[in-house]
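For reference, the structure is listed below as structure tokens.
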Amino acid sequence: MNKNNGFFEALALLEEENSVETSILIEKIKSAMLKAARKAYPHSEENIRVEIDPASKKFEMYIEQEVIDDYPIDENEVNIDVARTIDPNAYVGGKILKQIDISKFGRMAALSAKQSIKGDLREINREQMLSRFESKEHECITAKVSQIEPGRGTVTVVYEGTELYLFRNEQIPGETLEEGKSVKVYITGITNKSKKPVVKISRTHKDLVKRLFELEVPEIYDGTVEVKSISREAGSRTKIAVWSKDPNVDAVGACIGAKRSRISAVVNELSGEKIDIIPYSEIPEEFIARALAPAEVIKTVITSAEEKTCTVVVPNNQLSLAIGNKGQNAKLAAKLTGFKIDIKPQFDTVTGEEAPEVKPDFKLPEKTAEIADEELFAEDDAAPGSELLMAEDEIAPEEIVSAEADGE
């Protein structure tokens, strides 16, 4: 058995584990062995040669010696008589290659070579990781679930041979992932780029929803329809505001798709998360009113443009719908619009008096109202006027809720 077989088996294993081409590995090993040999033969630094050939299983090191007819000063020279025992054709002034016994390098030299190879592999892996994922930063990728840790709940996914870790706090609440199944994740960033890069992935980030719509809606991908803003409570509800640059293209309709095919594909990928498609408006009052759907809004007043605060008046029977379960609808509307929203009922239940100046200061386009009635919002939302999200007795009609648009 060739004594180098073990080396080439280890070489093949390194190639497989690190996804590194054999030629690159060989160059790194040659470099490491040269460093080690130069420590063992400090006077022969320029005369050491390394040969590694996986095809013939050849792994040998030599010192190139000059043939002389005198006594050699160091290992860089060899007497003609000794040289001819190695090469019968040797002649004075010529060169011969004297093989080095690698096993006699010594423990420190071998350890140095091993550490050098490890360091090279780390650098190769770092460069490969960056080249593979830098262009995908802030993008959506499809990976395969390979392992789910029972205790901590960390999910290991594999993308192009690289393992990535989806931590519990980046998983959609209530979602169950299965080993062997494909899942879409959003790359939020790459940390520690200069040493050991870590690719951070998420299924809770709001921009995952945007990327999913780009995959499903050609009009978003080509820029005809623009996603203006997104607010999300992962696992529960998302509001996404869209706007069309082409007056002939209906932004909302494009996102929904024929027979709800496009929005259904996104909802299914997010394990049933509800999605509201909101038509964007450059008029803040109109945009805020739309964002609070499925609740009706009587009037919106911007109380401070600088501080981005507003007051919204809704019918008394719409108050709980506008606020939403645990304030969710109001919070998502605030994040979507960037405004702090104070929601007030139309009538004071104590005095019975109507809130001052409650006449609408704008009218929603008929098309928008039609879409809202039929398909704009998640299917389990009741039509405006119902009390789906919170029972009437859970929130006093006179209660005022402030939902602040805190950044994500």
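No lab work stands behind these numbers, since they all come straight from the coordinates. For clarity, every value in this text was computed on a predicted model and none was experimentally measured. Every residue, glycine among them, receives a Cβ derived from its backbone with ideal geometry; neighbour counts consider all protein chains shown.
Please report the relative contact order for region 156-247, taking Cα pairs under 8 Å with a sequence separation of at least 6, and give it as a percent rounded to a whole number.
21
Between L97 and D69, what FRET efficiency comes out of the Förster formula 1/(1 + (r/R0)^6) with R0 = 30 Å and r the beta carbon distance, rounded to 0.05?
0.95
What is the sum of charges, Lys and Arg at +1 and Asp and Glu at -1, for the other residues whose Cβ falls under 9 Å from the Cβ of V157?
Working: positive: K144; negative: E163.
The answer is 0.
Hand me the chymotrypsin sites (Phe, Trp or Tyr not before Pro) from region 45-106 located in a DSSP loop with no more than 13 other Cβ atoms within 10 Å, in residue order please. The partial results should precede the final answer.
Working: sites: F59, Y62, Y91, F105; in loops: Y91, F105.
Here the chymotrypsin sites (Phe, Trp or Tyr not before Pro) that fit, given the DSSP loop and packing criteria, are Y91.
Give a residue-ordered list of calculated ³J(HN,Hα) values for region 47-64 (Karplus: 6.51 cos²θ - 1.76 cosθ + 1.60, θ = phi - 60°; whole Hz; x for Gly, Pro).
10, 8, 10, 10, 10, 10, 9, x, 5, 9, 6, 9, 9, 9, 10, 9, 10, 7
Name the lysines eligible as straight-distance cross-link partners of K299: C-alpha to C-alpha under 26 Å, and not fewer than 8 places from it in the same chain.
K228, K239, K308, K326, K331, K335, K340, K344, K359, K363, K367
Label-point separation (nm) for V301 and D222, each offset 7 Å from Cα along Cα-to-Cβ?
Reported label-point gap for V301 and D222 is 4.6 nm.
Which distance in nm do the two modelled labels at S23 and E9 give, with both placed 7 Å along the Cα-to-Cβ direction?
2.8
Give me the Å³ per residue figure for the convex hull around the C-alpha atoms of region 205-280. Walk me through the intermediate numbers first.
Values: hull volume 5.6 nm³, N = 76.
In region 205-280, the Cα convex hull volume per residue is 73 Å³.
Let me check the size of region 170-213 from its C-alpha atoms; what are the radius of gyration and Dmax in Å?
Cα radius of gyration and Dmax of region 170-213 are 12.4, 36 Å respectively.
Counting other C-beta atoms within 10 Å, and keeping those with at most 16, which DSSP coil trypsin sites (Lys or Arg not before Pro) do you find in region 227-283?
K245
How big is region 115-160 by the Kirkwood estimate over distinct Cα pairs, in Å? Please list the in-between numbers first.
On the way: mean 1/r = 0.0776 Å⁻¹.
This gives a value of 12.9 Å.
If I stretch the segment between S146 and E127 completely, what's the gain in nm (0.36 nm per residue apart, minus their alpha carbon distance), one decimal?
Separation in residues times 0.36 nm, less the Cα-Cα distance, equals 4.4 nm.
Residue separation times 0.36 nm, minus the C-alpha to C-alpha distance between E46 and T156: what's the value?
Length gained between E46 and T156: 34.8 nm.
Hey, can you grab everything whose amide H is under 5 Å from the amide H of V314? Only 5+ residues off in sequence or another chain; H modelled, so Pro and N-termini drop out.
Sorted by chain and number, the residues that satisfy this are I298, K344, Q346.
Got a sec? How would H43, H205 order by Cβ neighbour count within 10 Å, fewest to most? Write out the running numbers ahead of the final one.
Values: H43 12, H205 22.
Final ranking by Cβ density, sparse to dense: H43, H205.
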